[in-house]
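Remarks on the structure that follows.
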Amino acid sequence: MADIPYLLGWCGGNEAIQVITHLYQNPATPDFVKHIAFEALLKLVDAETKTRLQIQKIASLPPELQPLTQSGSLDAFATALHTYLESGNYQNFAVLDTIYQIDNEYVRPALINILRSAPFLPNYFQRIRHIFKIAEYRQDAEIFAILAYRFDKQKAMFSSRRYTINLPNEQSLRKPGLYWNDEIKNYSEILKNEIE
């Protein structure tokens, strides 16, 4: 379903705006589709409508961040954002998606600083991945490059818990450990890591 707004944003014209707007405003539309629909709308609408959509996103921010997204110092917004992220629960991190959707001169520097240094831990990682996908869609080279570099250089936080890899020829490679052996009806110990 996310393919529809994604493609319409690239290929559609004025006729596509109505379809994408319906997807974006429909309460039954999943959030991940709404994110893409929003981005597609930004590609297709005029400057006035784009500003209106961004103002709606600003209004959805927590009250302590709203005024700082339109005026004030860059440091004030960065400090307020850091305080907001540190003081709340994991749901507060959803604000990072919204900030990238706003993407104006007041919020972008703070977001870039977060993207350069945020740990790839569960609270941050989901939002960072969303931003990476949006940057790819927007062809935002700066954000995309920052995150692509970090994904490449950062040691993986998560790894496969699988202990075997099945090969097409009905053989398997195994990590060290105890494995049940049907032939001898007992456990066999594998000492060598066959996977790496």
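Data overview
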quantity: Out-of-range pairs (alpha-carbon distance over 25 Å; input Lys50/Lys153; Lys43/Lys133; Lys133/Lys153); calculated: Lys50/Lys153
quantity: Helix axis angle, 31-44 relative to the chain longest principal axis, alpha carbon, degrees; calculated: 50
quantity: Helix 74-87 axis, angle to the chain major axis (alpha carbon atoms, nearest 10°); calculated: 50
quantity: Full-extension gain in nm, Leu167 to Ser87, via 0.36 nm per residue minus C-alpha separation; calculated: 24.0 nm
quantity: Inter-probe distance in nm under a simple model that places probes 7 Å from Cα toward Cβ, at Arg138 and Lys192; calculated: 5.1
quantity: 222 nm mean residue ellipticity, helices alone, for the chain (DSSP H n ≥ 4; -39,500 (n - 2.57); rounded to 500); calculated: -17500 deg cm²/dmol
quantity: Cα-projected label distance for Ala145 with Ala28, points at 7 Å along beta-carbon direction, nm; calculated: 4.4
quantity: Nearest-0.05 FRET efficiency for Arg129 and Thr79, computed from C-beta distance (R0 22 Å); calculated: 0.30
quantity: Gained length - Tyr179 relative to Arg52, 0.36 nm times residue gap less alpha-carbon distance; calculated: 39.7 nm
quantity: Over the stretch 46-153, relative contact order from alpha-carbon pairs under 8 Å, at least 6 apart, %; calculated: 23
quantity: Viscosity 1.306 mPa s, temperature 10 °C, Stokes-Einstein D of the chain from Kirkwood C-alpha radius, µm²/s; calculated: 80
quantity: Rounded to 10°, Cα long-axis angle of helix 14-25 versus longest principal axis of the chain; calculated: 70
quantity: Mean separation of Cα contacts under 8 Å, 6 or more apart, over the residue count of the chain: relative contact order %; calculated: 12
quantity: Table column - 3J(HN,Hα) (Hz), the stretch 48-57, Karplus curve with 6.51, -1.76, 1.60, x for Gly and Pro; calculated: 5, 5, 4, 4, 4, 5, 5, 5, 4, 5
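Here, each number is a calculation from the coordinates, and none is a lab measurement. All of these numbers come straight from a predicted model, not from anything done at the bench. Backbone-built Cβ (ideal geometry, glycine too); neighbour counts: all protein chains shown.
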